[in-house]
1. With a cut-off of at least 2 residues that are in the same structural domain as Gln23 (by TED's automatic domain parsing) and not acidic (Asp, Glu), name the strands (runs of 3 or more DSSP E) lying wholly within the range 60-132.
2. Kindly indicate the residue of the range 222-238 that is free of Cβ contacts under 8 Å to residues at least 24 places away in the same chain and either at positive phi or part of a helix (DSSP H, G or I) (or both) and also surrounded by the fewest Cβ atoms within 10 Å (Cβ to Cβ) among those meeting that condition.
3. Among the listed residues Arg461, Arg487, Arg403, which satisfies the condition of being buried (at least 21 other Cβ atoms within 10 Å of the Cβ) and either under 30 Å from the mean Cα position of the chain (by Cα) or at pLDDT below 95 (or both)?
4. Go through the range 22-50 and give me each residue that's outside any strand (DSSP E or B), hydrophobic (A, V, I, L, M, F, W, C) and within 24 Å of Ser101 (Cα to Cα).
5. Consider the range 33-62. How many of its residues are within 15 Å of Ala20 (Cα to Cα) and more than 17 Å from the chain's Cα centre (by Cα)?
6. Picking from Phe219, Phe241, Phe210, which residue would you name as being in a helix (DSSP H, G or I), surrounded by 15 or more Cβ atoms within 10 Å (Cβ to Cβ) and among the aromatic types (Phe, Trp, Tyr)?
7. When you scan the range 418-437, how many residues do you find that are touching a Ser or Thr at 6+ places or on another chain (Cβ under 9 Å) and either free of Cβ contacts under 8 Å to residues at least 12 places away in the same chain or more than 24 Å from Leu60 (Cα to Cα) (or both)?
8. Can you tell me which residue within the range 279-321, out of those that are outside any helix (DSSP H, G or I) and within 21 Å of Leu54 (Cα to Cα), is modelled with the lowest pLDDT?
Amino acid sequence: MDSQVLVVGGGPTGLTMACALAQRGIRVRVIDAAAGPATTSRALGLQPRGAEVLTRVKALGDLPERALPVQDITLHAGGTTIRVPVGEEVAPGQRATLVISQAEVEGQLRDRLAELNAKVEWGTRLVGYEQDAGAVTATVEVNGEKVELRSDWLVGCDGGHSAVRKLTGVNFPGNPLLQDVLLTDVRADWPLPRSGSTAWAGDGREVGVFPLPGGFWRFFTRLDGPSDDAYATAREVVTEFAKDRMDLPPESLRSIQWASIFRVQERLVDHYRFGRVFLAGDAAHLHSPTGGQGMNTGIGDAENLAWKLALVESGRAAQSLLDTYEAERRPVAQAVLGGTTAATKLLVGGTPLTALLRMVIVPLVQLRAFRKALFLRTSGLTITYRGGPLADRAGRKPAAGDRVPDIACAGGTTLQRIVAGGHWVMLNGADHLRQVAEEALGDVVAAQPARAGLTDAILVRPDGHVAWRGTSVTDLRDWLTSRLRLR
């Protein structure tokens, strides 16, 4: 075998997948059709859950120091201006949403991958694959020559135009949500707050402006029609915006770093697994950039599949465990797609109904309880796999399937730091419980809460979710054999 897992795509999803696998000792190979790493910003928001995942693969680095934390949102709608202090909803010890370029996130992940003695093979395009009961044979094109690569598994993390998805032939149903959207990063002298985003809605020219590190701004709006020259259109639209909204001359726009005109899609594949082939990230789901969910959802896909592939490759779990990847992650994508689609229509929709909804929503966002619920939804911290194939629906919080809060643990550390590196953790469990889990799973780290009060033992998955909760060795053994389908 050339590798145990062949990852197609060197973006955030593919890099997270590769790092999560490599740090568990899995031989991974990453290929990408592009000539080299992307330099444009593209996705911006690193949500708290996304930051947790990068922490667990030891790739967060100094991204929080280089990023801008989102503290507030200024909304101009219907002649009213309100400031929404979303930073107030961040609990002590919890991360805020970070504004950081996708290119910076990818760079940090590539550095981590290099530490794990792996790299992205650029200029390597997937042109075909075949699979049998034991492996996948991928045909790639490098410098005009075709080469066959053989691996146990193939994971398509190659974006919205995924070659893996197209070769698989899976249905990718959905609809265009917005036509002719301008996205551009500019350097400009604008008197707008750099503590968060500013948006104008409901007056025919909906605009979103977001501060970027380095003194840049991200500008987002819908155009009246198509254009063949994104940079010329960006200059015209942005200077018009500066004049109309802030009474600023054209000189306030100093430079355009990057511009793109595209169509916003909402799409979701019917299935994530096809034998030994999987889809993750934008290859499996596309949705509006509103709310900064795309990159984070893909990163979450990667982590979920990686620990399961590693367990199967170690010989400790049956291949049927891999079916739980789709069962757990597709509902997450469905929820994200529904939320981002609704938010986009609310911001840029021109129907009487959306105008009425804006009149209702604007007062609501000034209520702290509403803002907190909105923050938790977009942060990814409330994602749960309750009721899925690995967890029952009921139980005391955090119940099986729930994300475990990053509680303080004995020794001056926290639970998330202990989980970092892909460990299973037995929290508050007697040694005999940890030993039973270790016999089945391999390395299981023991941890004790810094504060008393937890009566049950909690087995924590490598992705920070509760695997099992209880006190009985028999119950733990039953869960390990029936839920994880261990050999």
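The values are calculated or read from the model by the stated rules, or taken from the named source; none is laboratory data. Bear in mind that the values here come from a model prediction, so they are computed numbers and not experimental data. Don't worry about glycine lacking a Cβ; one is built from the backbone with ideal geometry, like all the others, and counts go over all protein chains shown.
1. Numbers: elements: 72-77, 80-84, 124-131.
Of the strands (runs of 3 or more DSSP E) lying wholly inside the range 60-132, those with at least 2 residues that are in the same structural domain as Gln23 (by TED's automatic domain parsing) and not acidic (Asp, Glu) span 124-131.
2. Residues of the range 222-238 free of Cβ contacts under 8 Å to residues at least 24 places away in the same chain: 228-229, 232, 235-236.
Pick out the ones that are also either at positive phi or part of a helix (DSSP H, G or I) (or both) and you get 232, 235-236.
Working: Ala232: 12, Arg235: 18, Glu236: 14.
Going through the qualifying residues, I end up with Ala232.
3. On the way: Arg487 fails: buried (at least 21 other Cβ atoms within 10 Å of the Cβ); Arg403 fails: buried (at least 21 other Cβ atoms within 10 Å of the Cβ).
Among Arg461, Arg487, Arg403, only Arg461 is buried (at least 21 other Cβ atoms within 10 Å of the Cβ) and either under 30 Å from the mean Cα position of the chain (by Cα) or at pLDDT below 95 (or both).
4. First, the residues of the range 22-50 that are outside any strand (DSSP E or B): 22-27, 32-44, 47-50.
Still in the list and also hydrophobic (A, V, I, L, M, F, W, C): 22, 26, 33-35, 38, 43-44.
Those that are outside any strand (DSSP E or B), hydrophobic (A, V, I, L, M, F, W, C) and within 24 Å of Ser101 (Cα to Cα): Ala33, Ala34, Ala35, Ala38, Ala43, Leu44.
5. First pass over the range 33-62, keeping only residues within 15 Å of Ala20 (Cα to Cα): 50-60.
Keeping just the survivors that are more than 17 Å from the chain's Cα centre (by Cα) gives none.
Number satisfying all stated conditions: 0.
6. Numbers: Phe219 fails: in a helix (DSSP H, G or I); Phe210 fails: in a helix (DSSP H, G or I).
From the options Phe219, Phe241, Phe210, the qualifying one is Phe241.
7. We begin by selecting, within the range 418-437, every residue touching a Ser or Thr at 6+ places or on another chain (Cβ under 9 Å); these are 419-420, 428-430, 433.
Those left that are additionally either free of Cβ contacts under 8 Å to residues at least 12 places away in the same chain or more than 24 Å from Leu60 (Cα to Cα) (or both): 428-430, 433.
Selection size over the range 418-437: 4.
8. Taking the range 279-321 and keeping what is outside any helix (DSSP H, G or I), we get 279-280, 284-293, 314-318.
Next cut, within 21 Å of Leu54 (Cα to Cα) only: 279-280, 284-285, 289, 291-293.
Working: Leu279: 98, Ala280: 98, Ala284: 97, His285: 96, Pro289: 78, Gly291: 70, Gly292: 75, Gln293: 83.
Restricting to residues being outside any helix (DSSP H, G or I) and within 21 Å of Leu54 (Cα to Cα), the top hit is Gly291.
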